[in-house]
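A.B. asks: Sharing a structure with you now.
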Protein chains: 2
Amino acid sequence: MTGQGALIVISGFSGAGKGTLVEKLIADSDRFSLSISMTTRSPREGETNGKEYFFVTKEEFQKKIEEDGFLEYAGYVGNYYGTPKAYVEGEIAKGHDVILEIEVQGALQIKDKYPNAILMFVTPPSVEELKKRLIGRGTENLESINKRLLRAKEESILMHKYDYIVVNDDIEDCKKSVISFIDAAKSTPERCSGFIKKLQNELEEL
Amino acid sequence: MTGQGALIVISGFSGAGKGTLVEKLIADSDRFSLSISMTTRSPREGETNGKEYFFVTKEEFQKKIEEDGFLEYAGYVGNYYGTPKAYVEGEIAKGHDVILEIEVQGALQIKDKYPNAILMFVTPPSVEELKKRLIGRGTENLESINKRLLRAKEESILMHKYDYIVVNDDIEDCKKSVISFIDAAKSTPERCSGFIKKLQNELEEL
């Protein structure tokens, strides 16, 4: 309603289908832009700078921290990961909805700084289904699956901090729901306070 | 997500198109039920008991107040108007979304008692358009139009208490938006706390 885009944060259990969901959303490139994280870790085989991540040195990362150039950043196993601010703010100003796929702690950091960010938590319809999907990938051993489930348990405690719970049963339905939720979130009074103010002023001037 | 219906409260400026919107929604009778108010005023010509209102005596109304039989009620120019509780609760239990078209004060009373009620405020895109619609009706004199605009000014101060602001520019788009907003509202953590609890328990038991 404001002509401005929104900041959409997508988190959820490992195995919930976030990656496929994000791919489906950004296929509509007139509406959505994907924020790419910056990291100090080395690219793995097949990874391209600017696609999976922006790969930088620790010095470059440190400099960006000092310039207040991140929306959020965190250290993880000796490396840094962060969301560069300039790209996100530029795309939002252009009217694009910017998607950030990040984990729960980062998401809550974003919400603190940008209360208008729209936080979505993606989950399968049940834990049984979650297990089935993790096993079905065929790429994980039992230890890795158990680690992911333990992590899901921790994450589930923070689900209530999100704006919307997105149940991913069928991926196409899930995508439609996310789009509905974004439209709805943009129509909450907090996010269209400019429009309300305009109406109030017009009524005042009568 | 819970199988239960929701309580949908629709308010908005006189001339915003609430009546047409409600008619379009309740056309889907598998999903929506319309709550009919009870009043002590006499039926006007053409009004039928149980359609526009349930018409009752002051004694009957008083008795229902004593039995705690109203979701909300108020006096207006010597008569009482109220929302009977039993019908609303019965329909919600059946899984229907129950629509209440009521004015702002009643809506906020409902929200106090039923924090999960979904409050929608309907408005035209601008005050100019609102005036145009009120004049276009051709049934109102200038005094009556000015009274409605004055009332709109008062109501606009409480718009931020609603869950969603619904801009009625095109009625079909407006109806679609309302349905999206209801789906979204049902997916907020407060309204699907049962589902979150279930996931947490399942993860706990692993």
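Each value in this text was obtained by applying a stated rule to the coordinates, not by laboratory testing. Predicted model only: the values in this text are computed from it and were never measured. Virtual Cβ from ideal backbone geometry, glycine too; neighbours counted across all protein chains shown.
A.B. asks: For chain A, what are the DSSP H helices with axial Cα length of 20 Å or more and mean Kyte-Doolittle hydropathy of at least -0.5?
C.D. replies: A:171-186
A.B. asks: Once Rh is set to the Kirkwood radius over Cα pairs, what Stokes-Einstein translational diffusion coefficient, in µm²/s, holds for segment A:90-206 at a temperature of 20 °C and a viscosity of 1.002 mPa s?
C.D. replies: 126 µm²/s
A.B. asks: Provide a whole-number value for the mean count of partner chain Cβ atoms within 10 Å of the Cβ atoms in peptide A:99-106.
C.D. replies: Taking the mean over all residues of the peptide, I get 0.
A.B. asks: Starting from the 7 Å offset along Cα-to-Cβ, what nm value, one decimal, do you get for the label separation of B:ASN79 and A:GLN105?
C.D. replies: Computed distance between label sites B:ASN79 and A:GLN105 equals 6.3 nm.
A.B. asks: Also: Can you list the distances in nanometres, one decimal and ascending, from the B:GLU143 label point to the identical position in each other copy, with the point 7 Å along Cα to Cβ?
C.D. replies: 8.6
A.B. asks: Taking a quarter of the surface of the Cα convex hull of the protein assembly as shown, what do you get in nm²?
C.D. replies: 24.5 nm²
A.B. asks: Let me know the shape class of segment A:131-176, please: from the alpha-carbon gyration tensor, a ≥ b ≥ c as square roots of the eigenvalues, rounded when a/c is under 1.5, otherwise prolate if a/b is greater than b/c, or oblate.
C.D. replies: Here segment A:131-176 falls in the oblate category.
A.B. asks: Apply the a/c threshold of 1.5 to the C-alpha gyration tensor of segment B:71-127 and tell me whether it is rounded, prolate or oblate.
C.D. replies: oblate
A.B. asks: Filter the trypsin sites (Lys or Arg not before Pro) in segment B:58-123 down to the DSSP loop ones having no more than 13 other Cβ atoms within 10 Å, then list what survives.
C.D. replies: Within segment B:58-123, the qualifying trypsin sites (Lys or Arg not before Pro) (loop, at most 13 other Cβ atoms within 10 Å) are B:LYS94.
A.B. asks: If you find the alpha carbon centre of segment B:4-29 and of segment B:139-182, how far apart are they in angstrom?
C.D. replies: For segment B:4-29 versus segment B:139-182, the Cα centre distance is 11 Å.
A.B. asks: Shortest first, in nm, what separates the label point of B:LYS132 from those of the same position in the other copies (7 Å along Cα→Cβ)?
C.D. replies: Between copies, matching label points for B:LYS132 lie 5.3 nm apart.
A.B. asks: OK, next. Filter the GluC sites (Glu not before Pro) in segment B:57-113 to those in DSSP coil with at most 14 other Cβ atoms within 10 Å of their Cβ, and list the result.
C.D. replies: Hits after loop and neighbour filter: B:GLU67.
A.B. asks: I've got another one for you. Please give the FRET efficiency for A:ASP173 paired with A:ASN146, using the beta carbon to beta carbon distance and R0 = 45 Å, rounded to the nearest 0.05.
C.D. replies: That pair, A:ASP173 with A:ASN146, gives E of 0.95.
A.B. asks: From other protein chains only, count the Cβ atoms within 10 Å of every residue's Cβ in B:182-191, then give the mean.
C.D. replies: 6
A.B. asks: For each pair in B:LYS18/B:LYS132; A:LYS198/B:LYS175; B:LYS85/B:LYS176; A:LYS113/A:LYS161, compute the distance between the two Cα atoms and list the pairs where it is over 20 Å.
C.D. replies: A:LYS198/B:LYS175; B:LYS85/B:LYS176
A.B. asks: What number, in nm² with one decimal, is the all-direction average of the projected area of the convex hull of the alpha-carbon atoms of segment B:153-206?
C.D. replies: Taking the Cα atoms of segment B:153-206, their convex hull projects to 5.2 nm² on average.
A.B. asks: Could you quote the convex hull projected area for chain A, Cα atoms only and averaged over all directions, in nm²?
C.D. replies: Averaged projected hull area, Cα only: 13.8 nm².
A.B. asks: Give the span of segment B:32-124's Cα atoms along each principal axis, as three whole-Å numbers ordered largest to smallest.
C.D. replies: 36, 32, 24
A.B. asks: Summarise the partner chain shielding of A:144-157 as one whole number: the mean count of Cβ atoms from other chains within 10 Å of each residue's Cβ.
C.D. replies: Mean number of neighbouring Cβ atoms from other chains: 2.
A.B. asks: With a point put 7 Å past each Cα toward its Cβ, work out how far A:GLN4 is from B:ALA27 in nm, to one decimal.
C.D. replies: 3.7 nm
A.B. asks: Shortest first and in nm with one decimal, please list how far the A:ASP173 label point sits from its counterparts in the other copies (point 7 Å along Cα→Cβ).
C.D. replies: Ordered by increasing distance: 2.9 nm.
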